[in-house]
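The values are calculated or read from the model by the stated rules, or taken from the named source; none is laboratory data. What you see is a predicted model; the values in this text were computed from it and never measured. Quick reminder, even Gly has a Cβ in these numbers, built from the backbone with ideal geometry, and neighbours come from all protein chains shown. What goes into the accessible areas is simple: the full protein's heavy atoms, side chains included, and nothing from ligands, DNA or RNA. Shrake-Rupley method; radii C 1.70, N 1.55, O 1.52, S 1.80 Å.
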Amino acid sequence: LSHGGGGRAMVQLVRELFARHLGNTWLEQGNDGTVLPPISGRLVLTTDSHVVAPLFFPGGDIGSLAVHGTVNDLAVMGARPLWLTAGFILEEGFPLGDLDRIAASMARACAAAGVLLVAGDTKVVEHGKGDGVFITTTGVGEAHPHCTLSGSAARPGDVVLLSGTLGDHGMAIMSQRENLGFDTPIESDSAALHGLTAQLMACAGADIRLMRDPTRGGLAATMNEIADQSGVGVLLDEAAIPLRPEVAAACELLGLDPLNVANEGKLVLVCAEQAATALLATMRAHPLGRAAARIGGITTDANHFVQMRTQLGGCRMVDWLSGEQLPRIC
Amino acid sequence: MTLLEAPVTSLAQHRVRVRGVVQGVGFRPWIWRLAHEHGLRGWVRNDAEGVEILLQGEHAAIAAFALRLEHEAPPLARIDTLHWASQAPQAGLHDFAILASAHHGTARTLISHDSAVCPDCLAEIFDPNARRWRYAFSNCTHCGPRYTITRGIPYDRARTSMAAFPMCAACAAEYADPGDRRFHAEPIACPICGPRLGWLDAHGHAQDGTDALQAAVAALRAGAIVAIKGLGGFHLACDARNADAVQRLRQRKQREMKPFALMLANLHSIEPLALLDADERARLQSPERPIALLRKRGRVDALLPGVCDGMARLGVMLPYTPLHYLLFHEYAGRPAGSTWLDAFDSPALVMTSANPCGEPLVADNAEAVRRLGGIADALLVHDRAIVVRCDDSVLQHAGGQMQFVRRARGYVPRAIRLQADGPVVLAVGAHLKNTLCITRGDEAFISQHIGTLDNAATRAMFDEVAQHLLGLLQVQPVVLAHDLHPDFHSTRYAQTLAARLDVPCIAVQHHHAHIAAVAADHRHSGPLLGLALDGVGLGTDGGAWGGELLRIDGAHCERIDHLRALALPGGDRAAREPWRMAAAALAAMGHGDTIARRFAGQPQALAVQRWLTSGAAIPGSSSLGRWFDAAAGLLGICAVMDFEAEAAMRLEALALRHGPAQPWHDGFRITRDGLDLLPALQHLHSATDTAEAAARFHATLAAALVAWSLQAAQAHDLGVIALGGGCLLNTVLATMLRAQLAAHGLLVLEAQQVPPNDGGLSLGQAWVARQHPASIH
Ligand SMILES: [Fe+3]
Ligand SMILES: [Mg+2]
Ligand SMILES: [Zn+2]
Ligand SMILES: [Zn+2]
């Protein structure tokens, strides 16, 4: 924490800035904690820290991302998001103009998602000890009354649905970072999914085994987690996986596998076969699920392998990666 | 090892313990015959450690026996150690017997490798009066299947896939007769009791009543593609002179360019296609029967269109199972006797491993129908199960040196002797061309080639091979070793197993392991200079290494210098598309603005040009493989690779065709950023004669690497240099490096018992792990 006069002055400015954009009656209580009204159902609680470079990218910024990320974590638990808290770590000297844009974007994202920011905190660290701004958001939601969604619920014979194109967020970030300047700029898919998930729960909640948002590590990481948690295998069908042509081209250029690339507004859903058609139709009827597809199924596999049938007719492993995609060819 | 002092009495008794490859190779009957010839009494038996012999008789007779024991072992046997213990003679020994196997002791014995049919067995199957006339499963103690049919030890018929075939009376008599060539030949069989051939259509329906051999030859003659069940898996075969058939095989196998290997009946028929030196003749005819990559004669591409176009070498093997010989016998019109064999003008058969979509070899009949039914028009099968899948071995000769390209059938599970004892290590290799290695005592056992671990079937085979080899060797690893790359399946396998066994798990840098494999191969100890010339391997700094000068001393590895890094525009994609590496080189030369024009045929050319000239920090690689790609891309001889190392192989073929050339004296610079080959690429950039340019590029590369290595050897006071990595399979480069480095007084070590590429990596990993502090208690 900075004890310099500049730091203290900054904290004051930041406080005013947040009040301007995000102020509401809860935040204005001004106590050490916010007292919230009782709700009837079970509570779902989640927290997520957000780090992204660049902070601003086509289709969003770290502010909207911090709201969507946490809202989506609640949504895929089958919960209705209610409240958020936000913690900011700012690097000393971070441009207030940028912070203003971020706060405004957060406010818009909250309003659009129908959630309220009810508590917040800001710390300023010395210059060089942070990377601009980090935002941690915590979300409180109300569980669906009969919700039994769980990562361990997938069963052989189940169907895997994906709500839309893969890799949009990650490639928006990458093309910005690598300064690729495509003719068609790639936009992040950053969006709040709880509206979509609520409709899916209403459509066939009992037949949904689990939902996930394939963020960092992409679809590959998500499917491997599911396979391990549920003790099953997964077989994906490459031809069925929706991809934007510009994302496919960017992946090809950079030599990246879109299955390992991050998404911020996509939903993976595993359901019983009998509900697959109805759920897919529900997805496609929603603005965030227009390109939804049935991308594979759950198999019996003692090794918990995630595999993909390729367009060439082969079958390859879909591995999770521990970090960046490192070259493997010797 | 040697014998005794002078005897007190003339009657003596000795217990002899024999270790090595001594089971399933006719060892006991041979001992039985020796004992009889020298009038000795006692017994011989197999146990888990090898063979044990009790001898009683006149001292002089025992001495004579000992001499022959050391010098006359049967063809497939290899005695590693002999231990003699004298004991008191006993009464009641009247005969020499072969006893049943004893099941005690620590496993030390080795399962023999598979061996080509011997001349005696061959003579029988060509003899119309013999009971094995035209019998495809003839074998004896000197030949036949071993490793590929064996489930466990000790090696007995019951633990092989021959357990399903009870011996008939005639076979049982041969099996029990110590004077017979088939005495205790575990896979013994005949037309009455043994495996049979079958002829299936593409849907797997058996065509009963047809002579399978006759049908197969008729189909091949008619241009069909036939799946043939071999020793370690299925082959896909067709007539190599039938361009339509070859083309059809390529289409159905989705193997557009990769060269096919051939099988011909004899050397005489190979001669019009390829140059053969004495070493190559000997290798081709050896009981291991590898595929030899021979220097192709000029007319091959016209004679055999589509088999190996544009390559310098042609992969050829001789038949190795009775079934293969019988196919040619059928082609020849079923002559009696063996004399036809050498004179016969053999058809050239494409014999390519049946491993669709990069998965392991198909070995099971039902699986063959399911997975090969869409490729083959018919299947020539049999009912002896393949227990262990094992590909054909591939090797090549260059400048008097033999190199493995792939080590598998015929060589596995032969041990590689190490310089010292050490803990049991399981080393798991890397990602491509995977093999694994288990050390026991002072021996290293390297598995057969497993393949690329990017699909579930190959991963399953990896697990299978690991379990099978650990079972055969009867050991549990106390140390695991793997590549530094965190996302290889092999790495995760090792980490998971190490956690389960609660043993240390050691990550070995890729090129450290490449050089270590060569050191292990030569039983070298002490510091040496390592020149790793390779594709990409992960470095300790997180970078993509692959052209490295290392100082290696056991588990210690210091990176002395490296090739100048070239941008890798698109990671593994760049490694498959040489035009991208050429683009990276152009950008480095300051000609980035010409990329889109030069590679106008590539859809991504403009995007790559923008990216490379945008000032973005594109991670680079010091891999020599990528420099080769850049060179091939600049010469326009390979824009996108269809198979691994294709660009470098085409470049090498051009250089070979041109012959020796002068290096460009300004073709390289030794700079603070490493050895810079960009000046050589600048020459290629403006070259008009591609063959000359390819030859001069090789010469320059060799000169550069030699000057660079000598500088390092001097600075670090090292007199020994080990060459490792996949680029050493470039025979033009390897030959020049070897000669020039030696001419400057360095002792040059190269891989001999394992491939220099990733196929040998597991040996190096094991060698490093055994010297790592974590594994020395
Ligand atoms: Fe390598
Ligand atoms: Mg999250
Ligand atoms: Zn034989
Ligand atoms: Zn028989």
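Wholly within segment B:528-634, which strands (runs of 3 or more DSSP E) include no fewer than the required count, namely at least 1 residues that are within 20 Å of residue B:724 (Cβ to Cβ) and open to solvent by less than 10 Å² (accessible area, probe 1.4 Å)?
Values: elements: B:528-538, B:544-553, B:556-562.
Qualifying strands (runs of 3 or more DSSP E): B:528-538, B:544-553.
When residue B:354 is tested against (1) of a type in the set (Gly, Ala, Ser); (2) surrounded by 20 or more Cβ atoms within 10 Å (Cβ to Cβ); (3) more than 20 Å from the chain's Cα centre (by Cα), exactly one condition is not met: (3). State whether one or more residues within segment B:211-225 are surrounded by 14 or more Cβ atoms within 10 Å (Cβ to Cβ), assigned by TED's automatic domain parsing to the domain that holds residue B:369, touching a Cys at 6+ places or on another chain (Cβ under 8 Å) and assigned to a helix (DSSP H, G or I). Yes, segment B:211-225 contains a residue that is surrounded by 14 or more Cβ atoms within 10 Å (Cβ to Cβ), assigned by TED's automatic domain parsing to the domain that holds residue B:369, touching a Cys at 6+ places or on another chain (Cβ under 8 Å) and assigned to a helix (DSSP H, G or I).
For residue A:114, the test of being at pLDDT below 95 and open to solvent by 10 Å² or more (accessible area, probe 1.4 Å) is passed.
More than 16 Å from ligand 2 (Cβ to nearest atom) and open to solvent by 10 Å² or more (accessible area, probe 1.4 Å): is that true of residue B:720 in this structure? In short, yes.
Of all residues in segment B:381-435, those being outside any loop (DSSP other than H, G, I, E, B) and more than 14 Å from every other protein chain (Cβ to nearest Cβ) number 19.
Looking only at segment B:153-187, residues that are within 14 Å of ligand 4 (Cβ to nearest atom), touching a residue at least 24 places away in the same chain (Cβ under 8 Å), over 22 Å from residue B:50 (Cβ atoms) and assigned to a loop (DSSP other than H, G, I, E, B) come to 5 in all.
Cβ-Cβ under 9 Å, sequence separation 6+ or interchain: first residue in segment A:312-329 and more than 7 Å from every other protein chain (Cβ to nearest Cβ), partner among the β-branched types (Val, Ile, Thr) and not in a strand (DSSP E or B). Which pairs? Hits for this filter: A:320/A:222. Tell me, please, whether a residue that is more than 16 Å from ligand 1 (Cβ to nearest atom), within 24 Å of residue B:465 (Cβ to Cβ) and surrounded by fewer than 20 Cβ atoms within 10 Å (Cβ to Cβ) can be found in segment B:160-178. Yes, there is a match, as at least one residue in segment B:160-178 is more than 16 Å from ligand 1 (Cβ to nearest atom), within 24 Å of residue B:465 (Cβ to Cβ) and surrounded by fewer than 20 Cβ atoms within 10 Å (Cβ to Cβ).
The residue pairs whose first member lies in segment B:441-468 and is away from chain A (no Cβ under 14 Å), whose second member is assigned to a helix (DSSP H, G or I) and β-branched (Val, Ile, Thr), and whose beta carbons are closer than 8 Å, counting only pairs six or more residues apart or on different chains, are B:447/B:465; B:448/B:465; B:450/B:458; B:450/B:465.
Return yes when residue B:24 is in contact with a helix residue (DSSP H, G or I) (Cβ under 9 Å, 6 or more places away or on another chain) and in a loop (DSSP other than H, G, I, E, B) and no when it is not.
Numbers: in contact with a helix residue (DSSP H, G or I) (Cβ under 9 Å, 6 or more places away or on another chain): no; in a loop (DSSP other than H, G, I, E, B): yes.
Taking the combined requirement at face value, the residue does not satisfy it.
Screening B:485, B:524, B:514 for residues that are away from ligand 3 (no atom under 16 Å from the Cβ), in a loop (DSSP other than H, G, I, E, B) and touching a helix residue (DSSP H, G or I) at 6+ places or on another chain (Cβ under 7 Å) leaves exactly one candidate, B:485. Summed over segment B:118-136, the residues that are within 12 Å of ligand 3 (Cβ to nearest atom) and open to solvent by less than 10 Å² (accessible area, probe 1.4 Å) give a count of 3. For residues that are more than 25 Å from the chain's Cα centre (by Cα) and in a loop (DSSP other than H, G, I, E, B), scanning just segment B:307-342, find the one that is nearest to residue B:632 (Cα to Cα). The selected residue is B:332. Report yes if some residue within segment A:75-83 is open to solvent by 20 Å² or more (accessible area, probe 1.4 Å), closer than 11 Å to residue A:137 by Cα and assigned to a strand (DSSP E or B); otherwise report no. Scanning segment A:75-83, I find at least one residue that is open to solvent by 20 Å² or more (accessible area, probe 1.4 Å), closer than 11 Å to residue A:137 by Cα and assigned to a strand (DSSP E or B), so the answer is yes.
Among the residues of segment A:143-180, the ones that are within 14 Å of chain B (Cβ to nearest Cβ) and of a type in the set (Lys, Arg) come to 1 in all.
Checked across segment A:299-319, the condition of being over 30 Å from residue B:640 (Cα atoms), assigned to a strand (DSSP E or B) and open to solvent by 20 Å² or more (accessible area, probe 1.4 Å) holds for at least one residue.
Against the conditions (1) away from chain A (no Cβ under 14 Å); (2) modelled with pLDDT under 95, residue B:368 satisfies every one except (2). Any residue at all in segment A:191-209 that's closer than 19 Å to residue A:172 by Cα, more than 16 Å from ligand 3 (Cβ to nearest atom), within 14 Å of another protein chain (Cβ to nearest Cβ) and in contact (Cβ under 8 Å) with a residue 40 or more places away in the chain? Looking through segment A:191-209, none of the residues is closer than 19 Å to residue A:172 by Cα, more than 16 Å from ligand 3 (Cβ to nearest atom), within 14 Å of another protein chain (Cβ to nearest Cβ) and in contact (Cβ under 8 Å) with a residue 40 or more places away in the chain. Within segment B:652-711, restricting attention to residues that are open to solvent by 10 Å² or more (accessible area, probe 1.4 Å) and of a type in the set (S, T, N, Q), the residue that is modelled with the lowest pLDDT is B:686. Condition check for residue A:96 on (1) over 13 Å from residue A:14 (Cβ atoms); (2) surrounded by fewer than 22 Cβ atoms within 10 Å (Cβ to Cβ): one failure, at (1).
More than 21 Å from residue A:104 (Cβ to Cβ) and not in a loop (DSSP other than H, G, I, E, B) - does that describe any residue in segment A:27-37? Yes: one or more hits. Scanning segment B:137-152 for residues that are crowded, with 17+ Cβ neighbours inside 10 Å, more than 13 Å from ligand 4 (Cβ to nearest atom) and either of a type in the set (Gly, Ala, Ser) or without any contact (Cβ under 8 Å) to a residue 12 or more places away in the chain (or both) returns a single hit, B:144.
What's the total number of residues in segment B:136-152 that are β-branched (Val, Ile, Thr) and in a loop (DSSP other than H, G, I, E, B)?
Step one: filter segment B:136-152 for residues β-branched (Val, Ile, Thr), giving B:141, B:148-150.
Those still in the list that are in a loop (DSSP other than H, G, I, E, B) too: B:141.
Counting residues in segment B:136-152 that are β-branched (Val, Ile, Thr) and in a loop (DSSP other than H, G, I, E, B) gives 1.
A search for C-beta distances below 8 Å between a residue of segment B:484-511 that is touching a residue at least 60 places away in the same chain (Cβ under 8 Å) and any residue that is among the charged types (D, E, K, R) and open to solvent by 50 Å² or more (accessible area, probe 1.4 Å), counting only pairs 6+ apart in sequence or on different chains, returns B:493/B:463.
Is it the case that residue B:85 is over 25 Å from residue B:117 (Cα atoms), open to solvent by less than 40 Å² (accessible area, probe 1.4 Å) and in a helix (DSSP H, G or I)?
Numbers: over 25 Å from residue B:117 (Cα atoms): yes; open to solvent by less than 40 Å² (accessible area, probe 1.4 Å): yes; in a helix (DSSP H, G or I): no.
Criteria not met by residue B:85.
For segment B:561-576, the set of residues classified as among the aliphatic types (A, V, I, L, M) and more than 7 Å from chain A (Cβ to nearest Cβ) consists of B:563, B:565, B:566, B:567, listed by residue number.
In segment A:210-292, which helices (runs of 4 or more DSSP H) lie fully inside it and hold 1 or more residues that are in contact (Cβ under 8 Å) with a residue 12 or more places away in the chain and within 16 Å of ligand 2 (Cβ to nearest atom)?
So the answer is A:218-230.
Of the candidates B:695, B:712, B:680, B:774, the single residue that is touching a Leu at 6+ places or on another chain (Cβ under 6 Å) and of a type outside the set (Ser, Thr, Tyr) is B:712.
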